[in-house]
Amino acid sequence: MRTRGSHPRFGPSRAAALAMLLAWCVAVPAGAAADFSKYHNYQELSAALKAAASAQPALATLVSIGKTREGRDLWALEIAGAGGPPAGTRPGLLIAANFEGDHLVGSELALFIIESLLASYATDAAVKDRLDSTVIYVVPRMNPDGAEQMFAAIKAPHRTNLTPYDDDNDGRTDEDGPEDLNKDGVITVMRVKDPSGPYMVSPDDARLMRRADASKGEAGGWAVYIEGVDSDGDGFYNEDGRGGVDINRNFMHQYPYFAPDAGRHMVSESETRALLDFVITHRNIAAILTFGLSDNLMVTPGRTASAAPIALVDFALASNADARRVGMFADAAGGRGGFGGGVMFMGGEGGRGGRGGAAPATAGGRGMPARSPATTLNAGDVEYLRAIADKYRELTGLRSAGMLRTPAGAFFEYGYYQFGVPSFSTPGWGLPAGGRGGPGPAGGPPAAGTPAGMAAMGTGRGRGGAGGEAASGGVPEAVDLRLLRWMDAEKVDGFAAWAAFKHPTLGDVEIGGFKPHVTVNPPTSKIAELGAGHTTFVLHLTSLFPRVRIAGAAATSLGGGLYRIKADIENRGYLPTALAHAVVARAVAPAMVQIGVPPESIITGHEKTSFIQAIPGTGSRRTYEWVITGKPGAAVTVKVATPNAGSDTATVTLQ
């Protein structure tokens, strides 16, 4: 019998993942697969999904679960083999991607997983077994409106959807977005010499900026802004661009009230509501995997992955920190404006406004404190989640992410804390681990000097970009430096060299900086290898699902028309039927055990219908017994049913 911690160590290696990629490439006829040498726009992605579903109608079903503001479909593809029980009764994996509009690689990995599984079903016994016993739901692009901005003629980083939002509280929406002043086709940042500016050129790399530390005798002298002009004449540059709401800030768990990019209220967006409606009506979902800009797979679950924004972009955003405070309407949150809508850049995360309605909760109106929402993993779940993260790193080879965000209002946190299932997020690619100032070893604590759980963005201190805590230390600069070293080593064209420009109001400036999208998406040449590793991880994850079975059932005659019925209920999967947190939060319905006789026939023992909050995995059993009245030759059925671990029946004959 396996021990609890051993099972995730079994299974395919990274070499097997690459072998799967080769086999898939051979199995798929030329021209039938999507082109993974590029990123797909909405039309191309839609066509690829439709082609995949039409080519394998017995395996794949494509549906639209909702529409965006601009009328684009939110596609969901169900993959389930025909050789098992109905898909809705099987344990399911939900894969969702591209919540952040600029994170296109998430969609590509989701599409690669779809095509690889479908192509391998007929030739790979392991894939067939998995798809015949489980179901996989894939929503490859949660923010198609935002993602479509990545394919515009002028590349401007855009993380939000296109819901209009008054970022600067001036009674107008989306009136001051960026402009491509130097006509290079990308929106970057501007730096300008300013005696009161808080920044200096980095001594580590002259392409970067750092906040001067007066205690070390450093002087500033530079200000940093988003590229463009002050279109609305309010003294701020490009603080109210097109859009929007960050879909991965709009869910319920730790919803960041009043953050400009979080929406007017939780679940305010059609995209968010569509996904929640889908999840709530698919309680068979046993695990969630999202591709996004937060991580709990490269870093060990249970330890805090420090938010790591890109400092150069953070400094530019900080220049608009006061925009919400000087508009027409009072800003109770005091949060940062100018980046909640439209232009998000690569490091923007939303302001740190107060939490609305934050008066202490009471229970029953008697003044007794109510239980606060959980914000850390239940100790009973950590071993399971860490083992899965260890296997993720083994199969994908990924050890260190680049830019990361604090997951306030993120879907994957809703998945664990409120939906109650193992829930994971990964950017899907990473930078080389280590390096000066970089994060600590994968799975270990944050690097020295990195405050665990630090906010990704500060509040800022006025125009020119004094910045907040994320702009003040070496950690964000270390991310910038790691990005530059990676780009230099891989020959990635991701940084626009600083070039002089005569600005209409600022005078002599330099325009340059990180190019949009490059910091959150790998080169397209990496997609296939990354996709192979993640496909193998998906197969491994589905192999861990809880699976209830009736391991044995027997009837024993006691004489006088009495019979003892005994049934052993077993969970043959690695994961429990409900996580420890799910039991506390009552998030997952318990397993139901039921004997098929009238209640009045039961003399003693268990009830006709009993419930088990959680059955541990790896062959754990629960025994149920009933003493009933019956007639010789009668058939008695015992049933076990769960929302996310399947069901089983056994019939015994009274002798």
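In this structure, the pairs whose alpha-carbon distance is over 31 Å, taken from LYS128/LYS566; LYS391/LYS515; LYS38/LYS128; LYS50/LYS155; LYS128/LYS639; LYS155/LYS391, are LYS128/LYS566; LYS391/LYS515; LYS155/LYS391. According to the Cα-based calculation, Rg over Rh for region 505-655 is 1.38, with Rh computed by the Kirkwood formula. The alpha carbon centroids of region 604-655 and region 28-100 are separated by 38 Å.
Of the three principal axes defined by the Cα atoms of region 548-589, the extents in descending order read 46, 20, 11 Å. Carbon-plus-sulfur accessible fraction, region 56-139 (probe radius 1.4 Å, protein heavy atoms only): 55%. Estimated from the Cβ-Cβ distance and a Förster radius of 51 angstrom, the FRET efficiency linking ALA152 and ALA55 is about 0.95.
In region 113-155, inverting the average of 1/r over every pair of distinct C-alpha atoms gives 12.9 Å as the Kirkwood radius. For region 547-655, the relative contact order is 37 percent, taking Cα pairs closer than 8 Å that sit 6 or more residues apart in sequence and dividing their mean separation by the residue count. Could you tell me what percent of the accessible area of region 540-655 is made up of carbon and sulfur, with a 1.4 Å probe and every protein chain present? That share works out to 49 percent. In 5 Å bins starting at zero, report the fraction of Cα pairs in region 184-263 per bin as a rounded %. Values per bin, smallest distances first: 3, 12, 15, 15, 14, 15, 15, 9, 2, 0. Note on region 258-308: with neighbouring protein chains present and a 1.4 Å probe, carbon and sulfur make up 51 percent of its accessible heavy-atom surface. Go ahead and run the numbers for FRET between ALA497 and ASN41, Cβ-Cβ distance against an R0 of 35 Å, rounding to 0.05. It comes to 0.80. Using C-alpha pairs below 8 Å separated by at least 6 residues, the relative contact order for region 64-115 is 20 percent. With all pairs of different C-alpha atoms in the average, the Kirkwood value for the hydrodynamic radius of region 67-131 is 13.8 Å. When each of the peptides 212-218, 190-196 is scored by how many other beta carbons lie within 10 Å of its residues on average, the order from highest to lowest is 190-196, 212-218. Net length available on complete extension from ARG586 to ALA374 is 75.0 nm, with 0.36 nm assigned per residue and the Cα-Cα distance removed. Expressed in units of 2.2 N^0.38 Å, where N is the residue count, the Cα radius of gyration of region 144-281 is 1.29. Fully extending the segment from GLU600 to LYS128 would add 165.4 nm, taking 0.36 nm per residue of separation and subtracting the current Cα-Cα distance. Relative protection proxy for 394-407, 577-590, from highest mean packing down: 394-407, 577-590 (other beta-carbon atoms within 10 angstrom). Peptides 231-237, 568-574, ordered by how many other C-beta atoms sit within 10 Å of their residues on average, highest first, read 568-574, 231-237. FRET efficiency for the ARG273 to LEU558 pair, using the beta carbon distance and R₀ = 35 Å, is estimated at 0.05. Net length available on complete extension from SER196 to ALA634 is 148.6 nm, with 0.36 nm assigned per residue and the Cα-Cα distance removed. Extending 7 Å from Cα along the Cβ direction at ALA214 and again at ARG485 yields two label points whose distance is 3.2 nm.
The values are calculated or read from the model by the stated rules, or taken from the named source; none is laboratory data. None of the values given here were measured: they were computed from a predicted structure. When we count neighbours, we look across all protein chains shown, and the Cβ atoms used for this are built from the backbone with ideal geometry, even at glycine. Keep in mind that these areas ignore ligands, DNA and RNA; they rest on the heavy atoms of the full protein, side chains included. Shrake-Rupley method; radii C 1.70, N 1.55, O 1.52, S 1.80 Å.
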